[in-house]
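Okay, structure first, notes after.
The values are calculated or read from the model by the stated rules, or taken from the named source; none is laboratory data. The model shown is predicted, which means the values in this text are computed figures rather than measured ones. Every residue, glycine as well, gets a Cβ built from its backbone with ideal geometry; the counts of neighbours run over all protein chains shown.
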Amino acid sequence: MTAEQAPPGVNPQIPNAARMYDYFLGGKDNFQADRELAELVLSVLPETRQGTRENRLLIGRIVEYLAKRGITQFLDLGSGLPAQQNVHEVALRFAPDARVAYVDSDPVVCAHGNALLAKHDNVIMARADATDPRSVLADPRIRRLIDFDRPVAVLMMFFLHLVPEEAGPQGFVAAYRDALPSGGHLAISHVAGDAAPERTAQVAELYRRSNAAFVPRSREEVARFFGDFELVPPGLADGVNAVGVWPFSDPDVPPSAYADMAGLAYVGIGRKP
């Protein structure tokens, strides 16, 4: 997109994390400022492009896994711009009665999402701040679509590492856990701060130029997001250890393909007892 195509109220000169994510995926819904900062990130952490694309594929495998086990309601927080392997596309393939609510605060994301989802009765894009669970859980469109007395899967995929500590991520994630009934699920993918702390610190400094923070976290910190939920075996996995042993890994991808991403992200899914 060019700056002249920016919707009202959107400053195309300020890099946006959602549009940078779109650029990493090879999309076109981004501005020059997004592309320039994304390229700087790639110069420091080139694994970002592969990791972002693997995350999109991972979302599809997680949704398939849950849908095959009877989960038909999905709340996708910080969903970003529509791309391939969208949650509703995968969910409806395995559960025709599936209901999906996407949540994002970015006006461009929501404008695109609402346009693409207009033909779907059981899929919505809600503009809300995912770090404010009260507003999300009270949103009338979400309440009409999602029945929180029945199992719901809350997805936080490549979202929480864009949330600074001052926003209280442990607290608001706990609020979403509390809102789920027994049998509800929480899925998280999160950039790790253990494997390449110097490079991820450089990326964090670059993200200061954007609309979002970049906060890689340790395995222990990511594990705390699941509270007392039961982790699907073998538990919290990284990009390498997930291959071949984790239910959501791609059996057609050899572990060597993930060697450059070793430890750079953690992925897990928990179930409320």
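Scan the range 185-211 for residues that are over 30 Å from residue 271 (Cβ atoms) and in a loop (DSSP other than H, G, I, E, B) and jot them down. Don't jump to the end; show me each part of the working.
Filtering the range 185-211 down to residues over 30 Å from residue 271 (Cβ atoms) leaves 196-199, 201-211.
Answer for the range 185-211, where residues must be over 30 Å from residue 271 (Cβ atoms) and in a loop (DSSP other than H, G, I, E, B): 196, 208, 209, 210, 211.
For the structure I just gave you, tell me whether residue 123 is surrounded by 23 or more Cβ atoms within 10 Å (Cβ to Cβ) and of a type in the set (Val, Ile, Thr).
Against the criterion (surrounded by 23 or more Cβ atoms within 10 Å (Cβ to Cβ) and of a type in the set (Val, Ile, Thr)), residue 123 qualifies.
Run residue 64 past the list (1) at pLDDT below 95; (2) part of a loop (DSSP other than H, G, I, E, B) and report the number of the one that doesn't hold.
(2)
Can you say whether residue 182 is hydroxyl-bearing (Ser, Thr, Tyr) and part of a loop (DSSP other than H, G, I, E, B), as far as the supplied structure shows?
The answer is yes for residue 182.
Go through the range 186-209 and count every residue that is among the hydroxyl-bearing types (Ser, Thr, Tyr) and modelled with pLDDT under 95.
Within the range 186-209, residues that are among the hydroxyl-bearing types (Ser, Thr, Tyr) and modelled with pLDDT under 95 number 2.
Looking at the range 187-240 only, could you name the residues that are touching a helix residue (DSSP H, G or I) at 6+ places or on another chain (Cβ under 9 Å), farther than 14 Å from residue 156 by Cβ and among the polar types (S, T, N, Q)?
200, 202, 210, 211
Consider only pairs whose beta carbons are under 6 Å apart and that are at least six residues apart or on different chains; among these, list those whose first residue lies in the range 50-63 and is within 21 Å of residue 154 (Cβ to Cβ) and whose second residue is among the hydroxyl-bearing types (Ser, Thr, Tyr).
Every condition considered, the pairs that remain are 55/189.
Just the residues that are of a type in the set (A, V, I, L, M, F, W, C), closer than 21 Å to residue 152 by Cα and out of contact with any His (no Cβ under 7 Å at 6 or more places or on another chain), please, taken from the range 99-116.
Passing the criteria: 101, 103.
Scan the range 72-92 residue by residue and report those that are closer than 26 Å to residue 132 by Cα, modelled with pLDDT of 90 or more and touching a helix residue (DSSP H, G or I) at 6+ places or on another chain (Cβ under 6 Å).
74, 76, 87, 91
Within the set of pairs 6+ apart or on separate chains, which have a first residue in the range 1-28 that is closer than 19 Å to residue 50 by Cβ and in a loop (DSSP other than H, G, I, E, B), a second that is modelled with pLDDT of 75 or more and charged (D, E, K, R), and C-beta atoms under 9 Å apart?
So the pair list comes out as 25/49; 25/53; 25/56; 26/49; 26/53; 27/19.
To keep it simple, each residue is scored yes or no on (1) exposed (fewer than 14 other Cβ atoms within 10 Å of the Cβ); (2) assigned to a helix (DSSP H, G or I).
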| site | (1), (2) |
| --- | --- |
| 130 | no, no |
| 134 | yes, yes |
| 137 | no, yes |
| 141 | yes, yes |
| 149 | yes, no |
| 154 | no, no |
| 161 | no, yes |
| 166 | yes, yes |
| 173 | no, yes |
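Here is a check on your reading of the model: is residue 80 touching a Phe, Trp or Tyr at 6+ places or on another chain (Cβ under 7 Å), in contact (Cβ under 8 Å) with a residue 60 or more places away in the chain and part of a loop (DSSP other than H, G, I, E, B)?
Numbers: touching a Phe, Trp or Tyr at 6+ places or on another chain (Cβ under 7 Å): yes; in contact (Cβ under 8 Å) with a residue 60 or more places away in the chain: yes; part of a loop (DSSP other than H, G, I, E, B): yes.
Against the criterion (touching a Phe, Trp or Tyr at 6+ places or on another chain (Cβ under 7 Å), in contact (Cβ under 8 Å) with a residue 60 or more places away in the chain and part of a loop (DSSP other than H, G, I, E, B)), residue 80 qualifies.
Quick one: which of 182, 218 is surrounded by fewer than 17 Cβ atoms within 10 Å (Cβ to Cβ) and touching an Asp or Glu at 6+ places or on another chain (Cβ under 8 Å)? Even if it seems obvious, please write down each step before you answer.
On the way: 182 fails: touching an Asp or Glu at 6+ places or on another chain (Cβ under 8 Å).
It is 218.
Step by step: first the residues of the range 1-15, then only those that are in contact with a helix residue (DSSP H, G or I) (Cβ under 6 Å, 6 or more places away or on another chain) and at pLDDT 90 or above, then the one that is surrounded by the fewest Cβ atoms within 10 Å (Cβ to Cβ). Which residue is that?
13
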